[in-house]
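Undergrad: I have a structure I would like to understand better, so I am pasting it below and will then ask my questions one at a time.
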Amino acid sequence: MKKLLYIIVLLTVSVVTAQEKDLSNTYKKRVLESSEIDFLMSYYAQEGDNAAVTGGIGTEELTDITPTIVLSIPLNDDDVLTIDAGISAYSSASSSNVNPFDGATVANPFVASSGASKSDILTTISGAYTHSSDDRNTIWSANMAVASEYDYFSFGFGGSYTKLFNEKNTEISIKANAFLDTWKPIYPSELRDQPTFVAFEDDSRNSYALGIGFSQILSKTLQGVLSLDLIQQQGLLSTPFQRVQFADVEDLVIQEFTYADDIERLPGTRFKIAMGGRLHYYINEIFTIRTFYRYYTDDWKINSHTASIEVPIKITDRFTIYPSYRFYTQTAATYFAPFNQHQSTQTFYTSDYDLSDFDANQYGFGISYTDIFTKFHIWKLGLKSIDLRFRQYERSSGLTSSLFSGSFNFVVD
């Protein structure tokens with residue numbers, strides 16, 4: 001399983017009405033009236049037959065459960081502290097085959113092993129401090145986060161600055177983040193004692209991200225957003241336990257498992273650019289249309305397009321449903337080839353289908369409940385909203401996944 005640990009999310013709070021003035025008095029509304037708690041839970045399951053752990057063939061079966069708590073605390077009229085803590089507990093048939101010979105069954109890339117690498121727990125905690133100016137036209141924030149699992153540790157920090165103009169109809173923002181990560185490399189079991197095997201010398205992975213955003217209310221019913229994101233990565237960008245087999249080297253097959261000729265090896269730098277835009281159109285009190293497009297490119301020669309649409313439908317004063325659709329397409333990285341198709345003379349190589357040429361469709365549906373008066377209470381917690389969503393993902397390579405998620409937002413009395 002490709003571990004993507006750029007799960008550290010910047011937390012921001014929305015800005016409400018600024019000031020109400022008269023000749024004798026000035027009233028300033030608090031950015032956040034009361035502390036709020038969000039309880040979130042998601043369940044993710046996927047299936048496929050192109051596991052990078054076993055060189056591009058084999059089961060990709062994986063399940064993941066992620067409970068999370070987000071606490072937003074108003075420190076005063078202008079400042080909010082947000083704390084986000086969660087765990088991600090996964091079980092992966094593909095990663096279990098880091099050592100396919102530690103189970104009771106015959107070693108086979110399509111059968112999960114029972115080894116220790118079949119499951120793991122990722123723990124994350126982050127904090128963000130947000131300050132709004134008296135007129136609510138300037139907002140800045142600082143954030144810090146830590147994430148840890150058995151073979152990976154991540155430390156991130158950053159900040160953002162937002163300026164509103166034109167009676168809050170225009171917004172410009174800039175954000176910057178750094179993620180300093182460290183691997184504890186785990187290699188395929190058959191390579192660990194080979195004298196010719198070359199392990200990685202650098203176990204760090206650093207990422208630096210810069211984002212610029214522009215938002216404009218175009219009319220009473222239309223809002224547009226433009227964004228630009230630049231990301232520079234350096235260090236160990238390969239996943240140490242992902243196998244590669246060479247077409248010009250004779251296969252060694254033990255039981256029903258093909259030994260690795262080497263591990264995935266990728267360049268030590270990667271530069272990414274993503275440009276996107278959103279249009280939100282308010283039709284009437286019942287229907288709204290939200291559209292999104294993004295173009296992505298990097299120096300590994302991956303180019304991608306993402307387009308999505310969501311149509312919130314307000315069925316009552318409190319209930320809204322969210323049908324959605326997302327399309328994605330990308331070209332393959334220069335260094336990708338399927339199982340047993342690389343050459344031993346190459347410098348870089350991977351059989352990870354996340355870096356292959358594919359199209360993908362995602363279908364979604366959600367329903368939300370909102371009670372701005374928080375009439376329903378549990379102890380000192382007033383229920384403000386409930387959001388339940390389902391997404392079905394289908395990739396042209398055969399990978400399919402389902403995601404169930406839910407959140408409960410409470411106001412602390």
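The values are calculated or read from the model by the stated rules, or taken from the named source; none is laboratory data. The structure presented is a predicted model; accordingly, all values stated were derived computationally and were not measured. Quick reminder, even Gly has a Cβ in these numbers, built from the backbone with ideal geometry, and neighbours come from all protein chains shown. Each accessible area value is taken on the protein alone, full model and side chains, heavy atoms only, with ligands, DNA and RNA left out. Shrake-Rupley method; radii C 1.70, N 1.55, O 1.52, S 1.80 Å.
Undergrad: Could you please give the count of residues in segment 229-253 that are touching a Gly at 6+ places or on another chain (Cβ under 7 Å) and either among the aromatic types (Phe, Trp, Tyr) or free of Cβ contacts under 8 Å to residues at least 60 places away in the same chain (or both)? I'd like the intermediate steps shown before the answer.
TA: First pass over segment 229-253, keeping only residues touching a Gly at 6+ places or on another chain (Cβ under 7 Å): 229, 234-235, 237, 243-245.
From what's left, either among the aromatic types (Phe, Trp, Tyr) or free of Cβ contacts under 8 Å to residues at least 60 places away in the same chain (or both): 229, 234-235, 237.
Matching residues across segment 229-253 total 4.
Undergrad: So is residue 321 modelled with pLDDT of 95 or more, surrounded by fewer than 14 Cβ atoms within 10 Å (Cβ to Cβ) and among the hydrophobic types (A, V, I, L, M, F, W, C) or not?
TA: Details: modelled with pLDDT of 95 or more: yes; surrounded by fewer than 14 Cβ atoms within 10 Å (Cβ to Cβ): yes; among the hydrophobic types (A, V, I, L, M, F, W, C): yes.
The answer is yes for residue 321.
Undergrad: Go through segment 104-136 and give me each residue that's open to solvent by less than 80 Å² (accessible area, probe 1.4 Å) and assigned to a strand (DSSP E or B).
TA: Of everything in segment 104-136, those that are open to solvent by less than 80 Å² (accessible area, probe 1.4 Å) and assigned to a strand (DSSP E or B) turn out to be 119, 120, 122, 123, 124, 126, 127, 128, 129, 130, 131, 132.
Undergrad: Can you pull out the residues in segment 218-254 that are within 30 Å of residue 109 (Cβ to Cβ) and among the acidic types (Asp, Glu)? Can you show your working first?
TA: If we filter segment 218-254 for residues that are within 30 Å of residue 109 (Cβ to Cβ), which is where we start, we get 233, 235-254.
Of everything in segment 218-254, those that are within 30 Å of residue 109 (Cβ to Cβ) and among the acidic types (Asp, Glu) turn out to be 248, 250, 251.
Undergrad: Among the numbered conditions (1) assigned to a strand (DSSP E or B); (2) open to solvent by less than 80 Å² (accessible area, probe 1.4 Å); (3) touching a residue at least 24 places away in the same chain (Cβ under 8 Å); (4) among the hydrophobic types (A, V, I, L, M, F, W, C), tell me where residue 275 comes up short.
TA: (2)
Undergrad: Mind counting the residues in segment 338-351 that are in a loop (DSSP other than H, G, I, E, B) and in contact with a Phe, Trp or Tyr (Cβ under 7 Å, 6 or more places away or on another chain)?
TA: Result for segment 338-351: 4.
Undergrad: On to the next question. Restricting to strands (runs of 3 or more DSSP E) lying wholly in segment 4-87: which have 2 or more residues that are modelled with pLDDT under 90 and out of contact with any helix residue (DSSP H, G or I) (no Cβ under 6 Å at 6 or more places or on another chain)? Reasoning before the result, please.
TA: Values: elements: 19-21, 26-28, 36-47, 62-74.
In segment 4-87, 19-21, 26-28 are the strands (runs of 3 or more DSSP E) which contain 2 or more residues that are modelled with pLDDT under 90 and out of contact with any helix residue (DSSP H, G or I) (no Cβ under 6 Å at 6 or more places or on another chain).
Undergrad: Still on this structure, I have one more. Among the residues of segment 200-238 satisfying the criterion of being hydrophobic (A, V, I, L, M, F, W, C) and not in a strand (DSSP E or B), which is surrounded by the fewest Cβ atoms within 10 Å (Cβ to Cβ)?
TA: So in segment 200-238, the residues hydrophobic (A, V, I, L, M, F, W, C) come out as 200, 209-210, 212, 214, 217-218, 222, 225-226, 228, 230-231, 236-237.
This time we only want the ones that are not in a strand (DSSP E or B), so: 200, 218, 236-237.
Working: 200: 15, 218: 12, 236: 20, 237: 17.
In this case the residue turns out to be 218.
Undergrad: Can you tell me which residue in segment 137-196 is most open to solvent (accessible area, probe 1.4 Å), limited to those that are within 30 Å of residue 100 (Cα to Cα), among the hydrophobic types (A, V, I, L, M, F, W, C) and in contact (Cβ under 8 Å) with a residue 60 or more places away in the chain?
TA: Kept after step one, since they are within 30 Å of residue 100 (Cα to Cα), are these residues of segment 137-196: 147-154, 181-196.
This time we only want the ones that are among the hydrophobic types (A, V, I, L, M, F, W, C), so: 147, 153, 183, 186, 191.
Imposing the further condition that a residue be in contact (Cβ under 8 Å) with a residue 60 or more places away in the chain reduces the set to 147, 186, 191.
Details: 147: 2, 186: 45, 191: 2 Å².
Within segment 137-196, the match that is most open to solvent (accessible area, probe 1.4 Å) is 186.
Undergrad: Next up: Please work out if residue 380 is among the basic types (Lys, Arg) and in contact with a strand residue (DSSP E or B) (Cβ under 7 Å, 6 or more places away or on another chain).
TA: Here the answer is yes, as residue 380 does meet what is asked.
Undergrad: Going through 102, 120, 134 one at a time, which residue ends up being acidic (Asp, Glu) and under 24 Å from residue 179 (Cβ atoms)?
TA: 120
Undergrad: Mind telling me which of the residues 327, 292, 241 ends up being among the hydrophobic types (A, V, I, L, M, F, W, C) and either surrounded by fewer than 13 Cβ atoms within 10 Å (Cβ to Cβ) or outside any strand (DSSP E or B) (or both)? Step through it out loud before you land on a result.
TA: On the way: 327 fails: either surrounded by fewer than 13 Cβ atoms within 10 Å (Cβ to Cβ) or outside any strand (DSSP E or B) (or both); 292 fails: either surrounded by fewer than 13 Cβ atoms within 10 Å (Cβ to Cβ) or outside any strand (DSSP E or B) (or both).
One residue alone meets the criteria, 241.
Undergrad: Scan segment 357-373 and tell me whether some residue there is assigned to a loop (DSSP other than H, G, I, E, B) and at pLDDT 95 or above.
TA: Yes: one or more hits.
Undergrad: Taking residue 300 as meeting all but one of (1) in contact with a Pro (Cβ under 9 Å, 6 or more places away or on another chain); (2) within 24 Å of residue 391 (Cβ to Cβ); (3) surrounded by 16 or more Cβ atoms within 10 Å (Cβ to Cβ), write down the number of the exception.
TA: Single failed check for residue 300: (2).
Undergrad: Within the group 243, 278, which residue is among the basic types (Lys, Arg) and under 24 Å from residue 193 (Cβ atoms)? Don't jump to the end; show me each part of the working.
TA: Values: 278 fails: under 24 Å from residue 193 (Cβ atoms).
On inspection, the qualifying residue turns out to be 243.
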